[in-house]
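Notes follow once the structure below has been shown.
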Amino acid sequence: MRLSRRTILLGAGSLPFALASLRTGALAQTAPAAQNAEVPPILFVHGNGDYDALWMTTLWRMESNGIARDRMMAINFTDPLARGDDKVEQANRSSTEDQRRELAAAIAELKRRTGAARVALVGSSRGGNAIRNVIRNGGAGDVSHAVLCGTPNHGVFATDDQLGNEFNGRGPFLRGLNEGESEVTPGVAFLTLRSDGMDKYAQSDGRFIGKAGTPTGVTNEGPELKGATNLVLGALDHREVAFHPRAFREIYKFIAGREPQRIAIVPEQSVRLSGLVTGTPGGVSTNRPVAGATVEIFRVDPDTGERKGSAVHSAKTGADGRWGPAQVEPSWSLEFVLAAPDAPTTHIYRSPFPRSSDVVHLRPARPLGPADKDAGAIVIMSRPRGYFGLPRDVVLFDGKEPADVKSGVPTDAAATLRLPAAEIGRNIVAQFGEERIVARLWPAAEDRIAIAELTY
């Protein structure tokens, strides 16, 4: 039987994290340990071309509600990008079977680590395809809950073209998952979260997939499943239905069976950061480790982007691509300087990290191209956990709305400024909602690029 849907209206935004007066001790006020012990371990699954670092803020919110960090895990698929045709090999891209196999191994590892009989799975976009695939093909007994966030369950398009594409609703992969009176597997509780018209991959017109004016065969309701609890999260975009605080509330409530005590992130007194350096061989984003990359971290002034002293951490990656741990304070704004082989030196400016994380992953900026040849300095404003929506959002880059961010349905997760060399030395302010990052300009002639990377 199809369960009823309800629309969750967007309200006023909350501060990205709690005030500095909150401390780790505040976690003692969260749900009793006995209650949290009843919550199954949670495995988070990222989407197409992404990495596990996108779940950082969700992990922090879970921890702030008393869910132990060692009862959570986020998978990092080796090759996160889908093939053009699921059955045809492509360098550094994965098939649905590749992802099913890696996810099954991650489930087994989380069960082993926690001793739990079953785990909950939470997936963003393509991650939901892997979740449904593993459940449908022998894994239902290992899974208690499945939360699918913006997953194109009926395709990004459903046409007779590209039938081998994983995202074609008429193709064999999705038809196999959706066959039968119910589209969910019995014994597993399913929740879908979707946007009310703002998901660029759930549109009836093909303009967002390069086919303007051509019907896609799908609608805003494409992420819903017969037999699941289907919720609509208002005007959130394709990524926000996984990573926004509103999405966190529904994910937590569905798995834990109660409202979270808090949405805000509770800061820790001392923060340890570490992560992975990954690369883009052949221009394809992967999660394969990069050896021989140098990572430096500087504390910077939040109002000017100027460095406050020497590096607080400096290291070179080994074969595993790992860097860290670095010890920082939860109030520090940071500059990460990444020097990786065959890539520009990338200066990444970040807001303070309120809690520790081992998924602070770093990818160098793309090499400078023809569009950059006359630029004296290049700075990018990036929002990995969502898109920029105009006029939905406050988006200001150097005091103006970015010219390369389109209005309407949010489709752009980055904006770029190319400035003359005479401006090197000044700072650039990137503002999205309440989050404000100040970056410095670096000489493009030295093969350097600055990125103001938003966390929220």
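The values are calculated or read from the model by the stated rules, or taken from the named source; none is laboratory data. Everything quoted here is computed from the prediction, not taken from an experiment. Cβ coordinates were reconstructed from backbone atoms using ideal geometry, including for glycine residues, and neighbour counts include every protein chain displayed. Keep in mind that these areas ignore ligands, DNA and RNA; they rest on the heavy atoms of the full protein, side chains included. Shrake-Rupley method; radii C 1.70, N 1.55, O 1.52, S 1.80 Å.
The set of residues in region 62-75 that are open to solvent by 40 Å² or more (accessible area, probe 1.4 Å) and in contact (Cβ under 8 Å) with a residue 24 or more places away in the chain comprises 68, 70, 71.
Answer yes if at least one residue in region 25-35 is surrounded by fewer than 23 Cβ atoms within 10 Å (Cβ to Cβ), at positive phi and either at pLDDT 95 or above or not in a loop (DSSP other than H, G, I, E, B) (or both), and no otherwise. Give the derivation first.
Let us first name the residues in region 25-35 that are surrounded by fewer than 23 Cβ atoms within 10 Å (Cβ to Cβ), namely 25-35.
Remaining after also requiring at positive phi: none.
Checked region 25-35: no residue is surrounded by fewer than 23 Cβ atoms within 10 Å (Cβ to Cβ), at positive phi and either at pLDDT 95 or above or not in a loop (DSSP other than H, G, I, E, B) (or both).
Filtering 372, 404 for residues that are under 22 Å from residue 339 (Cβ atoms) and either at pLDDT below 95 or not hydrophobic (A, V, I, L, M, F, W, C) (or both) leaves a single hit, 372.
Given the structure, is residue 303 of a type in the set (D, E, K, R), surrounded by fewer than 18 Cβ atoms within 10 Å (Cβ to Cβ), within 14 Å of residue 452 (Cα to Cα) and at pLDDT 95 or above?
On the way: of a type in the set (D, E, K, R): yes; surrounded by fewer than 18 Cβ atoms within 10 Å (Cβ to Cβ): yes; within 14 Å of residue 452 (Cα to Cα): yes; at pLDDT 95 or above: yes.
For residue 303, the condition - of a type in the set (D, E, K, R), surrounded by fewer than 18 Cβ atoms within 10 Å (Cβ to Cβ), within 14 Å of residue 452 (Cα to Cα) and at pLDDT 95 or above - is met.
Would you check which residues across region 114-151 are touching a residue at least 60 places away in the same chain (Cβ under 8 Å), open to solvent by 10 Å² or more (accessible area, probe 1.4 Å) and touching an Asp or Glu at 6+ places or on another chain (Cβ under 9 Å) and list them? The answer is 114, 118, 125.
Restricted to region 159-270, the set of strands (runs of 3 or more DSSP E) holding at least 2 residues that are aliphatic (A, V, I, L, M), within 24 Å of residue 142 (Cβ to Cβ) and open to solvent by less than 20 Å² (accessible area, probe 1.4 Å) comprises 189-194. Taken over region 404-456, the criterion of being part of a loop (DSSP other than H, G, I, E, B), small (Gly, Ala, Ser) and either touching a Ser or Thr at 6+ places or on another chain (Cβ under 7 Å) or buried (at least 19 other Cβ atoms within 10 Å of the Cβ) (or both) is satisfied by 413 alone.
Candidates 103, 59: the one that is closer than 22 Å to residue 173 by Cα and surrounded by 22 or more Cβ atoms within 10 Å (Cβ to Cβ) is 103. Among the residues of region 80-100, the ones that are farther than 23 Å from residue 43 by Cβ, open to solvent by 50 Å² or more (accessible area, probe 1.4 Å) and either charged (D, E, K, R) or in contact with a helix residue (DSSP H, G or I) (Cβ under 8 Å, 6 or more places away or on another chain) (or both) come to 4 in all.
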